[in-house]
Amino acid sequence: MKHRVALTALLLATAACATARTPATPPAAAANAVITRAGTERLLTALADDSMEGRRTLTPGEVRAATFIAGEFEVLGLQPMGGDSGYYQWVPLVQVRRRNGTIGYGYPAHGVLDTIAKDKIRYGRNIVARLEGSDPVLKNEVILVDAHYDHLGIGHPVNGDSIYNGADDDASGVVTVLQVARAMTAGPRPKRTILFATFTGEEMGLLGARWFVDHPTVPLARIVANLEIEMIGRPDPLAGGPGKAWLTGYERSTMGDLLAAHGIPIVKDPRPDQQFFQRSDNYALATRGVVAHTLSSFNLHNDYHAPTDDVSRVDFDHMTAVIRATAEAVGLLVNGPTPAWHPGGRPETGPR
């Protein structure tokens, strides 16, 4: 504890000296000191451990993962913003029949929840926390930093392994949210408010993010930008290799160019044919007008949605470098200009 207090004091002093002569992004030295490989490895190892049972929505593994994430938010002193129970936002889910005839889960339509028998409703949970901004005016604007923490759970065994740990997908993104929160709480408070969120149900159709968009814990109009983090555990040669990442829907808004202009190593999505912009939680926000993108370094590795997506395959040096870059990107978004849609860039259709 004494070491943590001393480190925080040093970071605050360094940032205070730099305030008058640097842009509003957090000092790289501060991010480098707080966001360490050891810290990254600790968090990812916990979230992708077999004890989490693959973090499938509506399983004990989801509950254990949510408890772990909420505990990390509490340690950092972030304000609970779940709206239902501290850091938790309950996501009511009921069984539905999909178009292909299979049975899955979805959340009830508006106004229908009270008509459903209570024993037919199950609850997932989003975890939401806030770091309030310091500027009297800009603190009313919110930057949402998020990732989904659910994965596929326990499934068909491959070579004797039936736990789909999802170390890259998307424990790596959750660790990024936690590490960025650590960096932001270690330095001077940002001008804008930051909402840190980890959503459930992404693998079931963006369910947690869609529920949050329909039931936001801050007015949706106040969220001026969203940066999601998805699968940064391995380098992508098409993005430039270790330490580099790409942004989905780069050409849709000014966000990508804004970050690149400040030296943040983020490039255009090199595989637009994969339609990654539409395939993750950012899309639920984007269709409601929020300038929302996903940062990733997914290289289409063969461990995607397989039990081999575990901690042993993660490049921690790369991942730590990308987390530090993400912290700089968030620092720019919370203190600098806000991004805007390019003409025709905002999607007009709802989540698939």
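The values are calculated or read from the model by the stated rules, or taken from the named source; none is laboratory data. Source: prediction; values computed, not measured. For neighbour counting, all protein chains shown are included, and Cβ atoms are generated from backbone atoms with ideal geometry for every residue, glycine included. Keep in mind that these areas ignore ligands, DNA and RNA; they rest on the heavy atoms of the full protein, side chains included. Shrake-Rupley method; radii C 1.70, N 1.55, O 1.52, S 1.80 Å.
Structure notes:
- Helix 316-335 vs. the chain, principal-axis angle (Cα, 0 to 90°, nearest 10): 70
- In Å², nearest 10: area of I223 left accessible to a 1.4 Å probe: 10
- Computed from the alpha carbon atoms alone, the convex hull of segment 24-161 holds 192 Å³ per residue.
- For the chain, accessible area per residue (1.4 Å probe, heavy atoms of protein chains only), Å²: 42
- S51/Q95 FRET efficiency (R0 25 Å; Cβ-Cβ; nearest 0.05): 0.35
- Carbon-plus-sulfur accessible fraction, segment 89-233 (probe radius 1.4 Å, protein heavy atoms only): 51%.
- Helix-derived mean residue ellipticity, 222 nm - over the chain, DSSP H n ≥ 4, -39500 (n - 2.57), to 500: -9500 deg cm²/dmol
- Over all other residues within a Cβ to Cβ distance under 15 Å of N140, the charged ones net out to +3, with Lys and Arg as +1 and Asp and Glu as -1.
- Whole-percent P(r), segment 148-195, all Cα pairs, 10 Å bins from 0: 23, 33, 23, 14, 7, 0.
- Of the three principal axes defined by the Cα atoms of the chain, the extents in descending order read 61, 46, 44 Å.
- Taking each of K191/K268; K139/K244; K120/K191; K191/K244 in turn, the alpha-carbon distance tops 32 angstrom for K120/K191.
- Normalising the average separation of contacting C-alpha pairs (under 8 angstrom, six or more residues apart) by the number of residues puts the relative contact order of segment 170-262 at 26 percent.
- In order along segment 147-154, phi translates into HN-Hα couplings of 7, 9, 9, 7, 9, 9, x, 9 Hz, rounded to whole numbers, per the Karplus curve 6.51 cos²θ - 1.76 cosθ + 1.60 with θ = phi - 60° and x for Gly and Pro.
- Segment 296-323 and segment 128-207: distance between their alpha carbon centers, rounded to Å: 16
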